[in-house]
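The values are calculated or read from the model by the stated rules, or taken from the named source; none is laboratory data. None of these values were measured; they are calculated from a predicted model. So basically every Cβ, Gly included, is an ideal-geometry build from the backbone, and we count neighbours across all protein chains shown. Accessible surface is based on the protein model in full, side chains and every heavy atom, while ligands, DNA and RNA are left aside. Shrake-Rupley method; radii C 1.70, N 1.55, O 1.52, S 1.80 Å.
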Amino acid sequence: MKLRKMAVAMSAVMALGAIAVPAAAEEGTQKVGISMPTQSLERWNRDGSWLDEKMQEAGYETILTYSDNDSSQQVNDIQNMLADGVDILIISAIDGETLNTVMDEAAEAGVPVVAYDRLIMNDAVSCYVSFDNYTVGQLQGEYIVEALDLENAGDATYNLEITAGDPADNNAGYFYNGAMDVLNPYIEAGTLVVVSGQTDFDTVATDQWDTQTAMERAQNILASYYADGTQLDVWLCSNDSTALGVAQGITSDYAGDNTVIITGQDGDEANLANIKDGIQTMTVYKNVNDECTFTLEIAQAILAGEELTEALCESSEIEAAYDTESYETSEGNACISYLLVPTVITADNLDYLVEAGLYAENDEGYLVSVDSVE
Ligand code: GAL
């Protein structure tokens, strides 16, 4: 195995024009490559450092990279990991469509790949571990239905705007569809009105989940459709970085005196503060510690040569569904997926995050992420 890897490794680095000597590894110590998309979105800092910590505690050597939301940088980072002789790759793709070259090199080198949180559209993926992304969106939609009591709205109507995620991120479509499948019946009935008329995914999507981009689009919509005193009741946001931008836009450019319901996802610190202060209404929390622990369990199974089956769910302390239908890495090729369970967080249950050992309350009473987890 090592010889084949060295051969592929040298061809990879020569193709890159760099000369790299694979890091010397203690004989028998297996090496895990962890490729995260960026540090500019808060959650990935937790994913990266907690995966790194857990893999090392389990006795593996690790290489951790963050690729600044630059797909070509991520390809380069992963090729360097292959050149360094990793035994398995844990990858959260910046763009699930752009890793074919390095996925083929991993397959050629016999290095298994776990698609972490975001699916990679390549059949070389060994398995996918995430949360049920469609459910994340459903929870956001259902929260809006309950908060506005839409089932009993009668003739009342409520004005809604929508901000979705990065179209390059395979998850973004699932979040959007999950929420819109809940909300569309109310839009079609006229109970929910999207005043801007902007409802299709491509129009409401946000490149790289960027906060500034989300804020500027919200400001444009508010100036164009709400400056005449039209009330805005709710803004569906697929995650916290976009919700932060929308909340900034509402604060600066919405003249109404009502509290606008704003949804989110991830439990970013700034958004948890906004939830405590009543600026954001909810976030869907995905327990990154559980996702990292489950990923370790998957890696251990793969490196031990075990088959990836439902048994992993039964042996784990973490609740996860074994799914072989929902996610395809290519047309008709379903991927083995392990889907964890997301949680709705509002001002009423912020303490859940502290009790789960994931956040601590600072001197000002706001939640900050812990550095290290059990
Ligand atoms: C998604 C991820 C979400 C969201 C977004 C921004 O793929 O599942 O948690 O935060 O990326 O990083």
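Per-structure values
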{"read-out": "Residue, surrounded by the most Cβ atoms within 10 Å (Cβ to Cβ), within region 302-317, restricted to residues that are within 17 Å of Tyr60 (Cα to Cα) and in contact (Cβ under 8 Å) with a residue 60 or more places away in the chain", "value": "Ile302"}
{"read-out": "Verdict on Gly173 being farther than 25 Å from Glu146 by Cβ, modelled with pLDDT of 95 or more and not acidic (Asp, Glu)", "value": "no"}
{"read-out": "Any hit, region 255-271, residues being in contact with a Cys (Cβ under 7 Å, 6 or more places away or on another chain), closer than 17 Å to Tyr116 by Cα and hydrophobic (A, V, I, L, M, F, W, C)", "value": "no"}
{"read-out": "Where Gln231 falls short, out of the listed (1) more than 17 Å from Asp253 (Cα to Cα); (2) surrounded by fewer than 24 Cβ atoms within 10 Å (Cβ to Cβ)", "value": "(1)"}
{"read-out": "Long-range neighbours under 6 Å by Cβ, at least six apart or interchain, first residue free of Cβ contacts under 8 Å to residues at least 24 places away in the same chain within region 324-346, second charged (D, E, K, R)", "value": "Ala334/Glu325; Ala334/Glu328"}
{"read-out": "Criterion violated by Asp123 - all others in (1) within 16 Å of the ligand (Cβ to nearest atom); (2) closer than 20 Å to Glu325 by Cβ; (3) surrounded by fewer than 20 Cβ atoms within 10 Å (Cβ to Cβ) satisfied", "value": "(1)"}
{"read-out": "Test for Ile90: is it in a strand (DSSP E or B) and within 16 Å of the ligand (Cβ to nearest atom)", "value": "yes"}
{"read-out": "Matching option when the condition is surrounded by fewer than 23 Cβ atoms within 10 Å (Cβ to Cβ), in contact (Cβ under 8 Å) with a residue 60 or more places away in the chain and within 16 Å of the ligand (Cβ to nearest atom), among Ala243, Ala168, Ala164", "value": "Ala168"}
{"read-out": "Any pair with Cβ under 9 angstrom, 6 or more apart, that starts in region 205-221 at a residue that is in contact (Cβ under 8 Å) with a residue 24 or more places away in the chain and ends at one that is of a type in the set (Lys, Arg)", "value": "Thr206/Arg217"}
{"read-out": "Residue list for region 126-155, filter: part of a helix (DSSP H, G or I), more than 16 Å from the ligand (Cβ to nearest atom) and hydrophobic (A, V, I, L, M, F, W, C)", "value": "Ile144, Val145, Ala147, Leu150"}
{"read-out": "Positions within region 230-272 being polar (S, T, N, Q) and part of a loop (DSSP other than H, G, I, E, B), in sequence order", "value": "Thr230, Gln231, Ser238, Asn239, Asn258, Thr259, Thr263"}
{"read-out": "Number of positions in region 288-301 that are more than 13 Å from Leu339 (Cα to Cα) and open to solvent by 40 Å² or more (accessible area, probe 1.4 Å)", "value": "2"}
{"read-out": "Subset tally (residues that are in contact (Cβ under 8 Å) with a residue 24 or more places away in the chain, within 15 Å of Gln74 (Cβ to Cβ) and open to solvent by 10 Å² or more (accessible area, probe 1.4 Å)) for region 95-115", "value": "5"}
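Matching residues to (1) open to solvent by 10 Å² or more (accessible area, probe 1.4 Å); (2) touching a His at 6+ places or on another chain (Cβ under 7 Å); (3) within 12 Å of the ligand (Cβ to nearest atom); (4) not in a helix (DSSP H, G or I):
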position	(1), (2), (3), (4)
Ala172	no, no, yes, no
Phe175	no, no, yes, no
Tyr186	yes, no, no, no
Gly190	yes, no, no, yes
Ser196	yes, no, no, yes
Thr199	yes, no, no, yes
Ala218	no, no, no, no
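This table checks each residue for (1) over 21 Å from Tyr338 (Cβ atoms); (2) touching a Ser or Thr at 6+ places or on another chain (Cβ under 9 Å).
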position	(1), (2)
Ile120	no, yes
Ser126	no, no
Asp132	no, yes
Val136	no, yes
Leu139	no, yes
Glu142	yes, no
